[in-house]
Each structure stands twice: as C-alpha cells, then as structure tokens.
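Q: One structure follows; several queries about it will come next.
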Amino acid sequence: MTVKKRATPEAPLILLTGASGYVGGRLLKLLEHDGHRLRCLARRPDTLRPKIASSTEVVCGDVLDRASLDSALQSVNVAYYLVHSMGSSGSFEEADREAALNFGHAASRAGVERIIYLGGLGSDDAALSPHLRSRQEVGRLLRESGVPVLEFRASIVIGAGSLSFEMIRSLVERLPLMITPKWVNVPAQPIAIEDLLEYLVSALQLPVSRYRVYEIGGADKVSYGDIMRVYARQRGLRRRMIPVPFLTPFLSSLWLGLVTPLYARIGRKLIESIVHPTVVVDQAALTVFSVRPVGIETAVRRAFASEENEFATTRWSDALSSSGGLPEWGGVRFGSRLVDSRTVQVSTPTWVAFGIVQEIGGDRGWYAWNSLWRLRGFLDLLAGGVGSRRGRRSPTVLRVGDTVDFWRVEAIEPNRLLRLVAEMKLPGRAWLEFEITDDGVLVTIRQTAIFDPVGLLGRIYWYALYPMHQLVFQGMLRGIARAASLKMSGLGGPPSAPRQDLRAAGVD
C-alpha cells in the first residue's frame, strides 16, 4: 500500500497556479501525494476546494489582479506558472503579457526563489503563431523579473482530456472519411501527460543554477495524421484520409467547431500552432533529467488505460453534480463515453433499496417494459449474441462475475453500488450502474447508463435509441422505487411515495 507523505512546516512552500486546468489538476494530485506543502491560487476557490487534500491551502487570486498576488505569494519558495488565456474572447496575447508581468513582479517582491513554467515548442527565430509566440514571450517576461525560471517547452500533450487528444478523438470517432489539410502532416513530438508531469515534478530537485529553457517531447516525431492513425488502430477503427491543399486555419477551425467539442476560436488558435513544426532540437533535457519519454503508441495506450481506471472509480453522484454542465439531450460526455443518469428518492433503509436493485433481471424482470427487454434479448440472439436466456444464478443475491440476462456483474459494493457490463452485440461498450446514497433523511437511488461508442456507427446507435432509453430507464427507476416502498410496507414501515428527479444527464 502506498503511504502518503506528510509535509513538515520546514518544507518549502509551493504555489500552484492553474490547478483547475488539465495539467495543473494532475500535477496537484502528484504534489499532494508526495507530501509537499502546497498552496493553490484560484479565481473561484470554492470550486477547487472539493478536489484538494485537507493539507492543501487555497487562496483567492487572479494573475490579472496584481494586488491579489501579493498575499498569495507570501512565504512561497517555488511557484508553478501554468496559466494561459487561449480561451478568452479578447486578445489572449495582451492578457498573457499582463499576467506574466504581474506574476513576475509579485514573485520578485515576495522573494520567491524560483518559478517553473510550461510553454510551447517552436523555434525562436521562426514566424510563430500568435499562441506559440505568446507562450515564449511569457517565459521571457517571467525571467526578466529576476526570479530564476525553469521553462519547459512541450509539443502536443497526449492524455485523456487534453485539448489536442480530445480533438483527435472526436475526428477519428466521428469521421470514417476525413478531408485533411496540409497542417495534418506537419511534424510534432507529442509527449504523454505522465512524462510531462514527471518533468514538472523533477524540476523541484534541480539546482537553480541549472534553470534554463528545456525542450521536451516524446520518443517519436510524428504528425497529427500519424496520431489519428494510431488512435484509430488502437480503437479498432478503419479511417481514410484524403489530403487537400487548402483549408486555412480559419476554415479548419469552423470545420472543427462542427465535428468536435472545440469552440471555433480555440480551434483556430490551436491549428495556427499546429502549422509550425514542434519538435525537440535541443536534447539537454534527456541529459539533465532522468525522464525517458515513451513513444506515441504507448502514450495513446496509456491515455485509454487512464480513462479506464478513472471510469472504474468514478462516483457518478459526484461527477455529474460537479460537472458544471446543464442537462443535454443525449446525455453528458465524459471522455469517449456518453452518460445518461437519473435519480429517485425513497423513504427506505439503504439495504431495502439495494436489495430491490440486486434482484433485477431474471424471473423478476426489469421493473418496467419487460416485453421490450425480452425483445432486445431476442434480437441479440438473432445477431449472434448471448440473448437473455442465461437469467441469473440466484434470484436475490449477486456477486462479481454473475450473469444477469445479457449483462454481467462487473462491480458490487453491498448497499452502495451495482455495476453491470453489457454482453449483447453492440457497436461499442455499455454499462448500467446503480448507486445508493443516504443523506440521513431520504435514500437516493441513482441509475446511470454509460455507453462507449466505437466510431460513427456507435454514436448513431446511441442517439437513435436515446428516446427509447428514456422511456425504458425512467420506467425502470420508477418501478424500483415502487418495489422498494412496497417492500418497506411489508416489513411494517410506512409506505412512501418516491420523490423523483428523472432529468437526463442527472445534474443535481
């Protein structure tokens, strides 16, 4: 078992900016695990506090508000600068410039010993895109403050949730045939998020005398097109790319806005950076640091594995409530998965509610629309699947590995959680999960349907059947609540009408 280290009052105090971002959020967990004294700067501390350890301090501040930085940087020894303004609607270059000047001056006044900054790869003498030019200007302005700065310059970051990886995911999953402009073939040196984080953590141990600009990248020099081919191969998809000599960054960004989750303005800034080669020229990082970055095949495989691990430990009652999104038709998107969730509340003990959930399927049925469930099993049998003839091992008790018609128990926690994984023929993977929580007054039963579509066919399947899923799953949850109340009445408890919250996406 891994034991988390405890920080001592004498340990250096680290300020982390960008803790709510992709890289910063993952770095936060590593620094906490290693037992560092940590302070996070956040514009909205309340949104960050639920995600941090009790030993981590959160202060309210904004890099564009110089006065707020003075107290945030007090007694700080090391500062991670991981903020940028690419998503802003105004001039992100001006905002990044002002932020870097504010932070550098405040760090110098506070006596900060060093700054660790993550920028972007690109030749200093090249006609860089505004985004890459701004990234390098930020590093220069931080150094001009007089505080020693270690600047990492990285190319594409490969990891589930990163901007570039999510763009690749959307393109490959949705488009069997892709019209690819020239920028798809520009060379880059993508780095796995795990290797990038290892560099950022290792920088804490490097003597200040060796602080400088370090170019970092993965083991392979590839293009966006190559990355898309690797992604498609590992997902078992066949994709064809037809190169064309046009599609400017502006037109490409509009196209991306139609077929990917990227806003057009972010897509344009990203593509403007892609059109420039981002490969490592200076190999000093491999000499100074012990990090040995992996190649693109391993990086993509790691991204999938990380997503699987995160999915396996996700509590949807927390994830959906804190997602910040509003209910959407079709469910909420988490990585490659589509999630449709709903809740109902009952006045029963948790063991009663869980007992009813645990009896699902087999002779008991699915609490609603059993004829449709039988039809689904018959169609699956015709398609060469397992059908619904397997039933259950026990009518009342489940354990991991048990079959439930055309589902199998993947995870079970008594009186708290049941997760079923589908074994019917599908253009993807599907799960059905039930989570039981008790607030001391009412018990909440959360039902979550999760689908990991493979390719365009998988998405068509999900959205075509979504209205039917709404009907069947809502009816199932009502039936479970009704059965729980009836069972409670039979045990001598008061009957209760279930309070329902049957909104798609389940954002409480």
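Q: State the extension gain, in nm to one decimal, for the chain segment bounded by Val279 and Leu372, taking 0.36 nm per residue of separation less the distance between their alpha-carbons.
A: Numbers: separation 93, 0.36 × 93 = 33.48 nm, distance 5.51 nm.
So the chain would gain 28.0 nm between Val279 and Leu372.
Q: Counting only residues 5 or more places away or on other chains, whose amide H sits under 5 Å from the amide H of Arg153 once H atoms are built in the peptide plane?
A: Here the answer is Gly119, Tyr214, Glu215, Ile216, since their amide H atoms fall under 5 Å of that of Arg153.
Q: 7 Å from Cα along Cα→Cβ at both Ser75 and Thr396: what's the point-to-point distance in nm?
A: Using points 7 Å along Cα→Cβ, the separation is 5.9 nm.
Q: Quick one: Lys425, Lys221, fewest Cβ neighbours within 10 Å first, how do they rank? Walk me through the numbers before you get to the answer.
A: Working: Lys425 15, Lys221 18.
Fewest-to-most Cβ neighbours within 10 Å comes out as Lys425, Lys221.
Q: Can you work out ³J(HN,Hα) from phi for every residue in the range 22-29, in order, using Karplus 6.51 cos²θ - 1.76 cosθ + 1.60 and θ = phi - 60°, giving whole Hz and x for Gly and Pro?
A: Result, ordered by residue: 5, 6, x, x, 6, 5, 3, 5 Hz.
Q: Taking a temperature of 20 °C and a viscosity of 1.002 mPa s, what whole-number D in µm²/s does Stokes-Einstein yield for the range 11-154 with Rh from Kirkwood over alpha carbon pairs? List each step's numbers first, then the result.
A: Values: Rh = 15.3 Å.
Rounded to a whole number, D works out at 140 µm²/s.
Q: I want to make sure I understand the PRE zone here: with the label point 7 angstrom from the Cα of Ala305 toward its beta carbon, which residues in the range 192-209 have backbone N atoms less than 16 Å away?
A: 192-198
Q: Once phi is turned into θ = phi - 60°, what whole-Hz ³J(HN,Hα) does the Karplus curve with 6.51, -1.76 and 1.60 give for every residue of the range 40-52, x standing for Gly and Pro?
A: 10, 9, 9, 6, 10, x, 5, 6, 8, 4, x, 9, 10
Q: Of Tyr81, Tyr211, how do they rank once you tally other Cβ atoms within 10 Å and put the fewest first?
A: Taking fewest neighbouring Cβ atoms as first place, the list is Tyr211, Tyr81.
Q: A follow-up question, please. Can you give me the long-range amide H partners of Phe334? Hydrogens built in the peptide plane at 1.01 Å from N, cutoff under 5 Å, separation of 5 or more residues or another chain.
A: Sorted by chain and number, the residues that satisfy this are Val339.
Q: Tell me whether the range 314-501 comes out rounded, prolate or oblate; compute the Cα gyration tensor, take square roots of the eigenvalues as a ≥ b ≥ c, and use a/c under 1.5 as the rounded threshold. List each step's numbers first, then the result.
A: Values: a/c = 1.82, a/b = 1.25, b/c = 1.45.
Oblate is the answer for the range 314-501, as a/c is 1.5 or above yet b/c matches or exceeds a/b.
Q: Okay, next question. For the range 373-387, what does the Karplus curve 6.51 cos²θ - 1.76 cosθ + 1.60, with θ = phi - 60°, yield as ³J(HN,Hα) per residue in whole Hz, taken in order and with x for Gly and Pro?
A: 5, 5, 5, 4, x, 5, 5, 5, 5, 4, 7, x, x, 7, x
Q: Which of Gly361, Thr444, Phe378 sits farthest toward the positive end of the charge dipole of the range 314-501, with +1 on the Cβ of Lys and Arg and -1 on the Cβ of Asp and Glu?
A: Phe378
Q: I've got another one for you. Computed FRET efficiency, Cβ-Cβ of Asp65 and His33, R0 25 Å: what is it to the nearest 0.05? Intermediate results must be reported in sequence, preceding the final value.
A: Values: r = 31 Å, r/R0 = 1.23.
Efficiency, rounded to the nearest 0.05: 0.25.
Q: Right, next: Sort Asp96, Asp452 by Cβ crowding within 10 Å, fewest neighbours at the top.
A: Numbers: Asp96 24, Asp452 20.
So the residues, fewest neighbours to most, are Asp452, Asp96.
Q: Please list, in chain and number order, the residues 5+ apart from Val404 or on another chain whose amide H is under 5 Å from its amide H, with Hs placed from the backbone.
A: Val409
Q: Further question: Looking at Leu142, Leu163, Phe152, which one has the Cα that reaches farthest to the positive end of the dipole of the range 111-174 (charges on Cβ: Lys, Arg +1; Asp, Glu -1)?
A: The Cα lying farthest towards the positive end belongs to Leu163.
Q: Please sort 181-194, 406-419 by packing, taking for each peptide the average over its residues of neighbouring beta carbons within 10 angstrom, highest first.
A: Numbers: 181-194: 20.5, 406-419: 17.4.
Ranking, from highest mean packing down: 181-194, 406-419.
Q: Which residues among the range 276-305 fall inside the zone where the amide N is under 14 Å from a point 7 Å beyond the Cα of Arg429, along Cα→Cβ?
A: 301-305
The numbers here are math on the coordinates, done by the rules we state, and not lab data. Not measured: the values here are computed from a predicted model. Note: ideal-geometry Cβ built from the backbone for every residue, glycine included; neighbour counts use all protein chains shown.
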